[in-house]
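The values are calculated or read from the model by the stated rules, or taken from the named source; none is laboratory data. Small disclaimer: the values here were computed from a predicted structure and weren't measured. Quick reminder, even Gly has a Cβ in these numbers, built from the backbone with ideal geometry, and neighbours come from all protein chains shown. Protein only, heavy atoms only, side chains kept; ligands, DNA and RNA dropped before computing areas. Shrake-Rupley method; radii C 1.70, N 1.55, O 1.52, S 1.80 Å.
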Amino acid sequence: FMQELLDKWKIKLDYNVLLSMWNESHRAYHTQNHLLDLIDQINEKKSEFQSHKDYEKMILCALFHDCVYDPMRNDNEEKSAEFFLSCCQEKNQDIMDVKQMIIDTKTHESTTPLSEKFNELDMNVVERDFDELLKWESGIFFEYSGYGKDAYKSGRLKFLESLLDKYPHNTENLLKLIDWAKTNY
């Protein structure tokens, strides 16, 4: 299905090449598992999209939103969007919509309703139970290990604390994760 979708949208890329990008050795959370989790979530919500085209845009955004990923850089979303565009034979409005959705994942501040739906799914991990949060944390820590433990701890605690207002229904698990990070780093 994925290769057919790429072909239908005139995206010149072998799906297996794309998957290999998601399986680079410096990745621990932003892997094929994250990609497949997003695709599963999109498929579960397929009936909620206004059109089949919106569903396909969501899948394309999932496929490309973290395809370029280097935790030591701060332009991964832009690089992923550029890579996506470089694979597209056409640069129509739908393609530009997907490009913008990819860029919106940088801050998770959405510019369209469809982008908002994608960002909700991309950040769904923060709404999960403590064990899932701990697996997420472990992967992120591995990916950002190049910054050193102290710099990571400081930045990560700030980020995790910023989630408390955005995800109040999971406060208990997020506070537990924050305490875990304070104790273990």
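What the table below lists for this structure:
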| read-out | value |
| --- | --- |
| Cβ pairs under 7 Å, 6+ apart, first in the stretch 94-117 and within 19 Å of HIS30 (Cβ to Cβ), second part of a loop (DSSP other than H, G, I, E, B) and open to solvent by less than 30 Å² (accessible area, probe 1.4 Å) | ILE102/HIS65; THR105/HIS65; HIS108/MET123 |
| Helices (runs of 4 or more DSSP H) fully within the stretch 51-107 counting 2 or more residues that are farther than 24 Å from SER145 by Cα and in contact with a His (Cβ under 8 Å, 6 or more places away or on another chain) | 93-104 |
| Identity of the residue in the stretch 148-175, over 15 Å from TYR29 (Cβ atoms), among the hydroxyl-bearing types (Ser, Thr, Tyr) and in a helix (DSSP H, G or I), that ends up most open to solvent (accessible area, probe 1.4 Å) | SER154 |
| Count of residues meeting criterion [closer than 18 Å to GLU127 by Cβ and charged (D, E, K, R)] in the stretch 14-63 | 5 |
| Test: residue in the stretch 120-134 that is open to solvent by 70 Å² or more (accessible area, probe 1.4 Å), under 19 Å from the mean Cα position of the chain (by Cα) and modelled with pLDDT under 95 | no |
| Selected residue (criterion: nearest to PRO71 (Cα to Cα)) from residues of the stretch 1-39 that are surrounded by fewer than 16 Cβ atoms within 10 Å (Cβ to Cβ) and in contact with a strand residue (DSSP E or B) (Cβ under 9 Å, 6 or more places away or on another chain) | LYS12 |
| Qualifying positions in the stretch 40-67 - open to solvent by 10 Å² or more (accessible area, probe 1.4 Å) and small (Gly, Ala, Ser) | SER47, SER51 |
| Search result, residues across the stretch 59-76 that are under 20 Å from SER47 (Cα atoms) and of a type in the set (Val, Ile, Thr) | ILE59 |
| Search result, residues across the stretch 108-119 that are surrounded by 13 or more Cβ atoms within 10 Å (Cβ to Cβ) and part of a helix (DSSP H, G or I) | LEU114, SER115, GLU116, LYS117, PHE118, ASN119 |
| Residues satisfying the stated conditions in the stretch 18-34, i.e. part of a helix (DSSP H, G or I) and free of Cβ contacts under 8 Å to residues at least 24 places away in the same chain | LEU19, SER20, GLN32, ASN33 |
